[in-house]
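Scroll down for the structure; my scribbles are underneath it.
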Amino acid sequence: MKIRVRELALPLDYSENDLRQAAARRLDININHILSVNLVRKAVDARRSTVHFSFTLDLELPDTLKLSAELLSSPQISLLPARETVVLTGGQQPLPLSPLVVGAGPAGLFCALLLARQGYRPILLERGLDLDRRVQEVEQFWNLGLLHPQANAQFGEGGAGTFSDGKLTTRIGDPRVQSVLETFVEHGAPEEILYLKKPHVGTDMIRQVVKNMRKEIIARGGQVYFQARLSDLSVHHRSITSIIINETVEVPCSILVLAVGNSARDVFRLLDDRGVQLAPKGFAVGARIEHPQEWVDRVQYGDYAGHPRLGAADYHLTFQDRISGRSLYTFCMCPGGYVIAASSEAGQVVTNGMSYFNRDSGQANSALVVTVSPADWHNTPLGGMELQESLERKAYELGGGGYRAPAQMVKDFLQKHRSDSLEGSLATYKPGVNPANLWELFPLELCQVLERGLKTWERRMKGFAGEQAVLTGVETRTSSPLRILRGEELHSLTFDNLYPCGEGSGYAGGIVSSAVDGLRVAEKIISIYNKPDETIELGAGMESAKNLS
């Protein structure tokens with residue numbers, strides 16, 4: 001039989017045998033009765049003076065072993081049912097052509113992979129470059145300020161999550177989350193992501209995972225194309241009959257999965273022009289704050305800071321502003337990371353946070369973002385996107401051009417004056433920062449919320465608004481500013497063969513939830529349609545990934 005044991009507390013220097021002994025003591029059994037141990041969850045517990053690990057284990061025990069009813073009634077102990085195997089059954093509706101999947105971020109990759117595994121031979125279209133060349137373009141942008149509009153931190157193979165901390169945490173309780181994590185491990189991620197409470201793979205490791213997923217899609221009969229930007233749709237009644245790629249290549253369409261990221265503004269405008277039902281959605285805007293990682297470790301772990309088993313500490317803070325009714329919160333916190341240039345359009349500055357797997361930069365950063373809602377832009381579908389653009393253009397101007405970002409010491413922000421100099425500051429943003437007054441960047445009300453929140457957090461976490469803390473703006477791409485409306489069958493309310501999914505479509509927030517939504521859409525397509533009658537080879541005007549390493 002299999003038993004799950006929760007909340008086993010062990011010191012930082014525990015051994016593997018300590019785990020077995022702790023589990024045996026909890027169950028009041030001989031350690032030799034434990035046939036196998038599977039680590040389900042490992043978390044750092046720093047809520048008390050003693051920092052320790054908390055574990056959840058699945059144990060295999062002899063079927064003949066008797067455990068008391070009192071023991072099994074404990075909330076920390078439960079019998080595990082056998083894991084159900086989900087079998088996907090293909091539908092009966094004919095599918096003349098292979099499904100088209102637009103966007104090679106998490107939603108598109110996982111959707112295409114599942115379709116390929118089930119024999120649906122998907123065609124995955126990505127506007128940007130393959131990962132290796134994309135990385136070269138992004139690094140050139142960071143070093144020289146030369147922006148490639150289709151290959152940047154937003155566009156290209158892997159999506160925006162490729163240049164991030166690679167966080168694999170999610171608050172959704174969907175059972176597909178486990179499948180997503182297992183798929184990551186199958187394609188090169190470390191097994192620890194299956195049990196760590198806050199798993200991450202870093203931008204370096206996620207790149208290899210993404211490339212391996214692409215290779216499997218191709219090996220299973222799918223096609224992947226780069227430099228293939230969706231530029232138009234041909235429609236008839238409630239169906240999309242074909243799509244136009246790069247203004248010139250027409251591709252016939254039976255099913256279109258739209259898995260673009262939240263930066264695909266040209267696509268959002270196209271959908272609006274074609275009458276696709278869109279709805280405005282709230283999101284958040286703000287700036288990145290940086291601190292010494294050593295300070296974060298000390299605040300979170302006290303005397304245990306620097307322990308080799310703890311790694312770089314993180315934090316999550318929230319503030320509800322009673323005056324404005326808005327919320328301020330930390331977002332996408334990157335221990336041991338960098339603030340990066342994440343622009344995707346000319347003359348606009350956007351920041352994001354990124355770290356490598358080892359999180360060893362010595363500095364911590366997080367977005368500090370204030371909520372905005374459709375009421376701020378009169379509830380128009382594209383109004384949130386236009387707000388983002390206006391802030392990004394203003395940030396470009398305050399940064400002095402060349403994609404330098406406006407930045408300000410936190411102490412100066414609280415005094416409402418421009419920082420005299422940022423030389424020697426913690427600011428890691430490339431191509432560089434320009435001293436500015438961020439009160440000139442945001443609407444007054446948002447600055448006031450940020451000011452009140454910073455003062456509150458400084459009282460709670462001494463040093464948060466300290467001498468070294470620095471702000472760099474602007475952070476706008478926290479989530480999609482709109483939603484492409486879809487029904488229970490997951491297709492668009494406007495076109496029956498258009499399946500919007502993922503973060504850009506407004507149905508996810510982060511790598512894992514986007515991947516899960518991609519799986520949901522693939523499962524729905526499989527349940528309705530039979531395998532495609534034929535596929536097509538796309539030619540001129542885009543680049544096949546078939547021969548890429």
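The values are calculated or read from the model by the stated rules, or taken from the named source; none is laboratory data. Everything numeric here is computed off the predicted structure, so don't read it as measured data. For neighbour counting, all protein chains shown are included, and Cβ atoms are generated from backbone atoms with ideal geometry for every residue, glycine included. For accessibility, only protein heavy atoms count, side chains too; no ligands or nucleic acids. Shrake-Rupley method; radii C 1.70, N 1.55, O 1.52, S 1.80 Å.
How large is the dipole of the chain about the Cα centre if only Lys and Arg carry +1 and Asp and Glu carry -1, each at its Cβ, rounded to the nearest 20 debye?
980
³J(HN,Hα) across the stretch 8-24 via Karplus (A = 6.51, B = -1.76, C = 1.60, θ = phi - 60°), whole Hz, x for Gly/Pro?
For the stretch 8-24, the Karplus-derived couplings read 8, 8, 9, x, 4, 9, 5, 10, 4, 5, 4, 4, 4, 5, 5, 5, 5 Hz, x marking Gly and Pro.
What part of the accessible area of the stretch 1-114, given as a whole %, is carbon or sulfur when the probe is 1.4 angstrom?
The C+S portion of the solvent-accessible surface of the stretch 1-114 is 50 percent.
For the stretch 395-549, what % of the accessible area comes from carbon and sulfur atoms, probe 1.4 Å? Numbers along the way, then the final one.
On the way: 2800 of 6160 Å².
The nonpolar share, carbon plus sulfur, comes to 45 percent.
Using the Cα centre as the reference, give the magnitude of the dipole from point charges on the C-beta atoms of the stretch 354-400 (Lys, Arg: +1; Asp, Glu: -1; all else neutral), rounded to the nearest 20 debye.
On the way: 3 positive and 6 negative charges, 27 e Å.
In total the dipole reaches around 120 debye.
I'd like the accessible area for Ile245, computed on protein heavy atoms only with a 1.4 Å probe and all protein chains in place. Round to 10 Å², please.
Solvent-accessible area, nearest 10 Å²: 0 Å².
Taking a point 7 angstrom from the Cα of Ser527 along the C-beta vector, which residues in the stretch 73-92 have backbone N less than 20 Å away?
Of the residues in the stretch 73-92, 84-92 have backbone N under 20 Å from the label point off Ser527.
Could you give the length gained by full extension between Lys546 and Ser234, i.e. 0.36 nm per residue of separation minus their alpha carbon distance, to one decimal place?
Working: separation 312, 0.36 × 312 = 112.32 nm, distance 2.77 nm.
Gain on extension, Lys546 to Ser234, equals 109.6 nm.
Given N residues in the chain, what is Rg(Cα) / (2.2 N^0.38 Å)?
Details: Rg = 24.7 Å, N = 549, 2.2 N^0.38 = 24.2 Å.
That works out to 1.02 for the chain.
Work from the charge dipole of the chain (Cβ charges, +1 for Lys and Arg, -1 for Asp and Glu, about the Cα centre) and give the residue of Thr162, Ala465, Val257 farthest towards its positive end.
Result: Ala465.
Residues of the chain: accessible area per residue at 1.4 Å, in Å²?
42
So which of Lys211/Lys430; Lys281/Lys430; Lys215/Lys546; Lys215/Lys524 end up more than 20 Å apart, counting from Cα to Cα? Intermediate results must be reported in sequence, preceding the final value.
Values: Lys211/Lys430 26 Å; Lys281/Lys430 31 Å; Lys215/Lys546 8 Å; Lys215/Lys524 24 Å.
Over 20 Å Cα-Cα: Lys211/Lys430; Lys281/Lys430; Lys215/Lys524.
If the chain between Val40 and Leu485 were fully stretched, how many nm would it gain, using 0.36 nm times the residue separation less the Cα-Cα distance?
Gain on stretching Val40 to Leu485: 156.6 nm.
Enumerate the lysines that Lys462 could reach by cross-link, defined here as Cα to Cα under 22 Å, with residues fewer than 8 away along the same chain left out.
Answer for Lys462, where 22 Å is the Cα cut-off: Lys411, Lys416, listed by chain and number.
What is the packing order of peptides 489-497, 140-148, 14-22, taking the mean over residues of other C-beta atoms within 10 Å and listing the highest first?
Details: 489-497: 18.9, 140-148: 15.8, 14-22: 14.0.
Result, highest mean first: 489-497, 140-148, 14-22.
Give me the distance between the Cα centres of the stretch 67-137 and the stretch 146-164, rounded to whole Å.
Computed from Cα coordinates, the inter-centre distance equals 23 Å.
In whole Hz and in residue order, list the ³J(HN,Hα) couplings for the stretch 527-532 that follow from phi through the Karplus curve 6.51 cos²θ - 1.76 cosθ + 1.60, θ = phi - 60°; x for Gly and Pro.
Per-residue couplings from phi come out as 5, 9, 10, 7, 5, x Hz.
Give, rounded to the nearest 20 debye, the magnitude of the charge dipole that the stretch 1-139 has about its Cα centre when Lys and Arg contribute +1 at Cβ and Asp and Glu contribute -1 at Cβ.
It comes to approximately 280 debye.
So how much slack lies between Lys411 and Lys455, counting 0.36 nm per residue of separation and subtracting their Cα-Cα distance, in nm?
Stretched fully, the Lys411-Lys455 segment lengthens by 14.8 nm.
For the stretch 354-440, would you read off the P(r) tail past 17 Å as a percentage of all alpha carbon pairs?
I get 61 percent for the Cα pairs in the stretch 354-440 exceeding 17 Å.
Give the distance, in whole Å, between the Cα centre of the stretch 209-270 and the Cα centre of the stretch 473-549.
Going from one Cα centre to the other spans 9 Å.
Going by average Cβ neighbours within 10 Å, how do the peptides 192-202, 220-230, 433-443 rank, with the highest at the top? Display every interim value, and only then the final one.
On the way: 192-202: 18.6, 220-230: 21.9, 433-443: 20.2.
By packing density, highest mean first, the sequence is 220-230, 433-443, 192-202.
Go through the stretch 85-93 residue by residue and turn each phi into a ³J(HN,Hα) via Karplus (6.51, -1.76, 1.60, θ = phi - 60°); whole Hz please, and just put x for glycine and proline.
Per-residue couplings from phi come out as 9, 8, 10, 8, 10, x, x, 9, 6 Hz.
By a straight-distance test (C-alpha under 25 Å), which lysines pair with Lys197 as possible cross-link partners, with residues fewer than eight away in the same chain excluded?
Answer for Lys197, where 25 Å is the Cα cut-off: Lys2, Lys42, Lys167, listed by chain and number.
Taking +1 at the Cβ of each Lys and Arg and -1 at the Cβ of each Asp and Glu, which of Gly401, Thr478, Pro62 sits farthest along the dipole of the chain towards its positive end, judged by Cα position relative to the Cα centre?
Looking along the dipole axis, the top candidate is Pro62.
Could you list which residues have their amide H under 5 Å from that of Ala405, counting only those 5 or more apart in sequence or on another chain, with H placed in the peptide plane?
It is Gly432, Val433, Asn434, by chain and number.
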